[in-house]
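Read the structure below first, then the notes.
Here, each number is a calculation from the coordinates, and none is a lab measurement. Just so it is clear, the model here is predicted, and its values are computed rather than measured. Note: ideal-geometry Cβ built from the backbone for every residue, glycine included; neighbour counts use all protein chains shown.
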Amino acid sequence: MKRYFFCAWLLAMPAIALGQESAPAIAPAGPGISQPPVVDDAVILPAMLPVSIEITEALNSKTSKIGQLFDIRLRAPITVDGKVIIPAGATGKGQVIHAARARAAGKAGELIIAARYLEHEGVRVPLRSLKYGADMTGDNNAGAAIVASAAISSALALFITGGQVDIPAGMPATAKLSQDVRIIQSGSNLQEEVKP
Amino acid sequence: MKRVKIIALAAVATALAVSPVSTPAFAKEKAASTKTAVVVEAPPAGQGQVVFFRPGSMMGMALGCNVRENGKLIGGLGNGKYFIQAFQPGKHVFTTHSETTDTLNMEIESGETYYVKCGIGMGVVAGRPNIAPSDKATFDEKSAKLKLKTIDQLEKERAKDAAKK
């Protein structure tokens, strides 16, 4: 009889031991016990999200070369639900698509540029739809093409060159994200947007 | 007899007085209808489009402005004409040729509308067509006076150009 009790006790032991081990895991955390902090927080920035940038490098239809890269900078922070995801000042690159200097016969200078990307903590945020001006509504459909005005009024115009296109450093522009971008930021880096 | 003359003069005077009122009203209506800027529809899904236009001008009005890509005719722009062409996104190089060849490099993005203006500049022997980037504001300003070249017209023109080669 004692043997049967001993066997039953032996069989019951692992179950008791398991129950004791699992109990603390199920128990709710009491006061003073904090959950581990969330280290990473991924935010998806959607494609076609408008961003305000500025062209930080002076460009000219006479000196610019097709394919040349130039510097751009984020003017206003990219925010989601009031949280700054990419702060103002993030840098990136644009590219010259077309450049033609002014020529005789009143042919004006031409310049077409595109925004390529912004960089933030090692992540490239691809851009498209560059438009001149700070209008973020998307109504400004001027496009990122500038042609200088040309004056052709007489035979003498053959010897008159049209104007060159000058884009001064710091010129505001808008662009859009060309695809969804996943930004992973540590919780400490997320800041509340400061509103003046 | 005098009474008849007076009545006749009165009738003529009335007619003259009425007609200047009706004519400007008609003219205004006509002007209002022609001043409306062209509304350009969005490009087909997944494509971008270019509005090629040539404002009416006395200079080189008899000259054509044939826009080509890789030698193939996209369309000819007569004086005061425009056409709209959809393109696959990516780099495109448009040319127009006369005494010299003028080239315009573009990068077309899906969903976007671009504007390209053709102007005729001075040449040594003949005028030089020049294609240059433009914008919606410039097109809107001129579009009321421009005549659309339809897709049928463009296709006929392209077939004719291809047959020449």
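By the beta-carbon count within 10 Å of each Cβ, the least crowded to most crowded order of A:Arg75, A:Arg124, fewest first, is A:Arg124, A:Arg75.
Consider a paramagnetic label point 7 Å from the Cα of A:Ala58 along Cα→Cβ; state which residues of the stretch A:69-113 have an amide N under 17 Å from it. So the set is A:70-72.
Legend: residue pairs A:Lys131/B:Lys142; B:Lys72/B:Lys149; A:Lys62/B:Lys145; A:Lys93/B:Lys136, Cα-Cα distance threshold 29 Å; pairs beyond threshold, A:Lys62/B:Lys145.
As a proxy for reagent exposure, ranking B:Ser134, B:Ser110, B:Ser57 by other Cβ atoms within 10 Å from fewest up yields B:Ser57, B:Ser110, B:Ser134. With distances taken between every two different alpha-carbon atoms, the stretch B:101-165 has a Kirkwood hydrodynamic radius of 14.6 Å.
Each of A:Ile78, A:Ile183 was scored by other Cβ atoms within 10 Å of its Cβ. Arranged with the fewest first, they read A:Ile183, A:Ile78. Residue by residue along B:102-114, Cβ atoms of other protein chains within 10 Å of the local Cβ number 5 on average. Taking 20 °C and 1.002 mPa s as conditions, the stretch B:48-164 diffuses translationally at an estimated 149 µm²/s according to Stokes-Einstein applied to its Kirkwood radius (Cα pairs).
Assuming charge only on the beta carbon of Lys and Arg (+1) and of Asp and Glu (-1), the dipole of the stretch A:44-95 about its Cα centre is about 140 debye to the nearest 20.
Summarising the amide proton neighbourhood of B:Phe87: residues at separation of 5 or more, or on other chains, whose placed amide H is nearer than 5 Å comprise B:Gly48, B:Gln49, B:Val50.
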